[in-house]
Amino acid sequence: MMMENIRIRFAPSPTGFIHVGNARTALFNWLFARQQGGTFILRIEDTDLERSAVEYEKKLIEDLKWLGLDWDEGPDRGGNFGPYRQSLRLEIYKTYTQRLLKEGKAYYCFCTPEELETERKKAIASGKMPVYSGKCRSIPKDESLRRIEAGEQAAVRLRTPGNGSLTYIDLVRGKIEFDLGLVGDPVLVRSSGLPAYNYAVVIDDSLMEVTHVIRGEDHISNTPRQILTYKALGFSPPHFAHLSMVMGKDNTRLSKRHGATAVGQFKKDGILSSALFNYLALLGWTPPGGREILTRKELAETFVLKKVSRSSAIFDYDKLHWINRQHMQKLTSRQQAELAYPYLKDSGLMPEVMSDAHWIWLERVAASLIQRVNRFSDFPAQVAMIFDFSPQDMEHEAKEELRKDTAFRVIKLFNEKISQIKEFDFDKFAVVAKEIKTETGCKGKDLYHPLRIALTTRGSGLDLDKFIPIVEQGAKLDFPVTMKNCAQRVSEVLDFLE
Ligand code: GLU
């Protein structure tokens, strides 16, 4: 048996920044194409001239590439089925329109927008679905041609059966049936001469030999119109798969109210593209074995379109952050440092120019903090806590802890000892702590809590085996804000107590 030559397309309209809903559609198309060894096409649907912008197209391509998607044919790389931008295909649509008009499968509609609006309102008022009345259907061909030649404006509509039903099998949602009495004659070409989405999409998908259309379920109601158009043109329709919408946790359509929605914003916030990719793939699909952390390659190898859920997908920011943490932890500490650096520099914590010693230090910091951040943009707040040392602004609980008599004795002794030590490090800290224990009789929490607060001004935070070398090495480097070493810190806390 000959394998069908699978051809898949993602067909965005460049009317805004790409958000996670559309990105997930792109990703499912890509996964399916790659899993099937098919061809993936990017087509730009820019016939809405007023709302489309080249900048959006550029950003869209940039965001899709950042996400890790690639395509075999598209406006930026050509292919045998181009052009891949609808605004460059207007002549192609015209040829087919002439054919449909000639064959009587389409007709000119002279109804004005006002007339159509009145008709629509009337239908709604009487509780009916607003369906075009078919008023211009019966205008004789020669009469409509005369009116067109006389310069009258007209749209072109498809002549549909107007009754009966139409059924198709959706690869995600199963059998779907439409009442054609409720579909009406769709507009193929607007009176401006520009093709309607429903028309251009059918011609393009046919000529580009697209075999599977995977898109959002907001397009289900367009599908019968498109199937009828395929038939009128003598093309056979592709397979359709409609993906559920992406919702917020409150079950309303995901919007800015819920948090970031634009792919570009996640990038800015320091979410790894491999993590966003991983998370989007799980929105409505469960990989075999229930594994949740997967690479692009693993996802592409295991993706099964028919297993995609038809219930709406809930975008859970906590889950995305959890996945991002798993992906961040897989990076080397050098990669973690490099990705954290821009955020730290912008926050004024790191210098514009980094020496090798700065990088080595930052690698240590990144590796120590990686468990504590959800995204790279969380680094400045964590790193600021290491730089920040002001006993007077200490948290209430830490202050209370230091009020204990034993705490004062411990810190006083710590100060005496640390001021004698040249190269302080964690091993020396362990020795000093032991000596203080013997000399004061304090142990456990009574010993370690004051020591920690003296070094960090906080009752909790990074373990001291990580914290001490970061501070000691950091104190030897130049930063926009100076870092105090351990001895300076202890002496300041003591001054504060006295
Ligand atoms: N340009 C349409 C959109 O962005 C494409 C829909 C389709 O895939 O058919 O919604």
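The values are calculated or read from the model by the stated rules, or taken from the named source; none is laboratory data. Every value quoted in this text rests on a predicted model; they were computed, and no experiment measured them. Backbone-built Cβ (ideal geometry, glycine too); neighbour counts: all protein chains shown. When the accessible area is computed, the model is the full protein with side chains, heavy atoms only, and any ligands, DNA or RNA have been set aside. Shrake-Rupley method; radii C 1.70, N 1.55, O 1.52, S 1.80 Å.
For the range 438-466, how many residues meet the condition of being within 29 Å of GLN371 (Cβ to Cβ) and either in a helix (DSSP H, G or I) or touching a strand residue (DSSP E or B) at 6+ places or on another chain (Cβ under 7 Å) (or both)? Steps first, answer last, please.
Let us first name the residues in the range 438-466 that are within 29 Å of GLN371 (Cβ to Cβ), namely 443-466.
Those left that are additionally either in a helix (DSSP H, G or I) or touching a strand residue (DSSP E or B) at 6+ places or on another chain (Cβ under 7 Å) (or both): 445-456, 464-466.
Counting residues in the range 438-466 that are within 29 Å of GLN371 (Cβ to Cβ) and either in a helix (DSSP H, G or I) or touching a strand residue (DSSP E or B) at 6+ places or on another chain (Cβ under 7 Å) (or both) gives 15.
Just for the range 324-381: of the residues that are under 14 Å from ILE271 (Cα atoms) and of a type in the set (Val, Ile, Thr), which one is farthest from the chain's Cα centre (by Cα)?
Selected residue: ILE370.
Could you give me the residue pairs with C-beta distances under 8 Å whose first residue belongs to the range 174-190 and is more than 17 Å from ARG159 (Cα to Cα), whose second residue is of a type in the set (Ser, Thr, Tyr) and in a helix (DSSP H, G or I) wherever it lies, and which are 6+ apart or on separate chains?
From the range 174-190, the pairs are ILE176/THR223.
Which of the residues belonging to the range 223-244 are within 12 Å of the ligand (Cβ to nearest atom) and closer than 23 Å to ALA313 by Cβ?
THR223, PHE240, ALA241, HIS242, LEU243, listed by residue number.
Within the range 332-354, which residues are free of Cβ contacts under 8 Å to residues at least 40 places away in the same chain and in a loop (DSSP other than H, G, I, E, B)?
Those that are free of Cβ contacts under 8 Å to residues at least 40 places away in the same chain and in a loop (DSSP other than H, G, I, E, B): THR332, SER347, GLU352, VAL353, MET354.
May I ask you to list the residues in the range 235-257 that are over 19 Å from SER165 (Cα atoms), outside any helix (DSSP H, G or I) and free of Cβ contacts under 8 Å to residues at least 24 places away in the same chain?
Scanning the range 235-257 gives ASP250, THR252, ARG253, SER255.
Take the residues in the range 27-47 that are open to solvent by 30 Å² or more (accessible area, probe 1.4 Å) and either closer than 20 Å to SER87 by Cα or assigned to a loop (DSSP other than H, G, I, E, B) (or both), then tell me which one is nearest to the ligand (Cβ to nearest atom).
GLN36
Quick one: in the range 373-387, of everything that is in contact (Cβ under 8 Å) with a residue 60 or more places away in the chain and open to solvent by 10 Å² or more (accessible area, probe 1.4 Å), which residue is nearest to GLN473 (Cα to Cα)?
Quick first cut of the range 373-387, residues in contact (Cβ under 8 Å) with a residue 60 or more places away in the chain only: 375-379, 385-387.
Pick out the ones that are also open to solvent by 10 Å² or more (accessible area, probe 1.4 Å) and you get 375, 377-378, 385, 387.
On the way: ARG375: 25, SER377: 24, ASP378: 22, MET385: 16, PHE387: 12 Å.
That would be PHE387.
Let me spell it out: the conditions are (1) free of Cβ contacts under 8 Å to residues at least 12 places away in the same chain; (2) within 15 Å of the ligand (Cβ to nearest atom), and ARG77 meets all of them except one. Which number is the exception?
Unmet for ARG77, out of (1) free of Cβ contacts under 8 Å to residues at least 12 places away in the same chain; (2) within 15 Å of the ligand (Cβ to nearest atom): (2).
Taking ARG24 and the conditions (1) within 16 Å of the ligand (Cβ to nearest atom); (2) open to solvent by 30 Å² or more (accessible area, probe 1.4 Å); (3) touching a residue at least 60 places away in the same chain (Cβ under 8 Å); (4) within 19 Å of the chain's Cα centre (by Cα), which numbered condition does it fall short on, given that it satisfies the others?
(2)
Take VAL432 and decide whether it is open to solvent by 60 Å² or more (accessible area, probe 1.4 Å) and in contact with a helix residue (DSSP H, G or I) (Cβ under 6 Å, 6 or more places away or on another chain). It would help to see each step written out before you state the result.
Numbers: open to solvent by 60 Å² or more (accessible area, probe 1.4 Å): no; in contact with a helix residue (DSSP H, G or I) (Cβ under 6 Å, 6 or more places away or on another chain): yes.
No.
Could you please tell me which pairs satisfy a Cβ distance under 7 Å, a separation of 6+ or placement on different chains, a first residue in the range 196-215 that is in contact (Cβ under 8 Å) with a residue 24 or more places away in the chain and among the β-branched types (Val, Ile, Thr), and a second residue that is in a strand (DSSP E or B) and open to solvent by 20 Å² or more (accessible area, probe 1.4 Å)?
Every condition considered, the pairs that remain are THR211/HIS239.
So, in the range 370-391, exactly how many residues are assigned to a helix (DSSP H, G or I), of a type outside the set (Phe, Trp, Tyr) and more than 17 Å from MET483 (Cα to Cα)?
First pass over the range 370-391, keeping only residues assigned to a helix (DSSP H, G or I): 370-372, 376-387, 391.
After this cut, where a residue has to be of a type outside the set (Phe, Trp, Tyr) as well, the list is 370-372, 377-378, 380-386, 391.
Restricting the remaining residues to those that are more than 17 Å from MET483 (Cα to Cα) gives 370-372, 377-378.
Number satisfying all stated conditions: 5.
Can you name the condition, by its number, that GLU55 falls short on among (1) at pLDDT below 95; (2) part of a loop (DSSP other than H, G, I, E, B)?
The failed condition is (2).
Mind checking which residues of the range 1-17 are closer than 21 Å to TYR279 by Cβ and either open to solvent by 20 Å² or more (accessible area, probe 1.4 Å) or more than 10 Å from the ligand (Cβ to nearest atom) (or both)? Can you show your working first?
Just the residues of the range 1-17 that are closer than 21 Å to TYR279 by Cβ, to begin with: 10, 12, 17.
PHE17 - this is the single residue of the range 1-17 that is closer than 21 Å to TYR279 by Cβ and either open to solvent by 20 Å² or more (accessible area, probe 1.4 Å) or more than 10 Å from the ligand (Cβ to nearest atom) (or both).
Would you point out the residue of the range 274-327, among those that are more than 17 Å from LEU31 (Cα to Cα) and in a loop (DSSP other than H, G, I, E, B), that is most open to solvent (accessible area, probe 1.4 Å)?
Kept after step one, since they are more than 17 Å from LEU31 (Cα to Cα), are these residues of the range 274-327: 289-290, 310-327.
Then drop every residue that is not in a loop (DSSP other than H, G, I, E, B), which leaves 310-312, 315-316.
Numbers: ARG310: 137, SER311: 73, SER312: 51, PHE315: 3, ASP316: 40 Å².
Among those that are more than 17 Å from LEU31 (Cα to Cα) and in a loop (DSSP other than H, G, I, E, B), it is ARG310.
Restricting attention to the range 48-72, which residues are surrounded by 14 or more Cβ atoms within 10 Å (Cβ to Cβ) and under 18 Å from LEU27 (Cβ atoms)? Show your work before the answer.
Applying the first criterion (surrounded by 14 or more Cβ atoms within 10 Å (Cβ to Cβ)) to the range 48-72 yields 48, 52-53, 56-57, 59-64, 66-69, 71-72.
Answer for the range 48-72, where residues must be surrounded by 14 or more Cβ atoms within 10 Å (Cβ to Cβ) and under 18 Å from LEU27 (Cβ atoms): LYS59, LEU60, ILE61, GLU62, ASP63, LEU64, TRP66, LEU67, GLY68, LEU69, TRP71, ASP72.
Filter the range 283-312 down to the residues that are of a type outside the set (Val, Ile, Thr), in contact (Cβ under 8 Å) with a residue 12 or more places away in the chain and closer than 19 Å to HIS327 by Cβ and list them by number. It would help to see each step written out before you state the result.
In the first step, residues of the range 283-312 are kept if they are of a type outside the set (Val, Ile, Thr); the result is 283-285, 287-292, 294, 296-301, 303, 305-307, 309-312.
Right, trim to in contact (Cβ under 8 Å) with a residue 12 or more places away in the chain and you get 283-285, 287-288, 292, 294, 296, 299-301, 303, 305-307, 309-312.
Once the filter is applied, which keeps residues that are of a type outside the set (Val, Ile, Thr), in contact (Cβ under 8 Å) with a residue 12 or more places away in the chain and closer than 19 Å to HIS327 by Cβ, the range 283-312 yields LEU283, TRP285, PRO287, GLU292, LEU294, ARG296, LEU299, ALA300, GLU301, PHE303.
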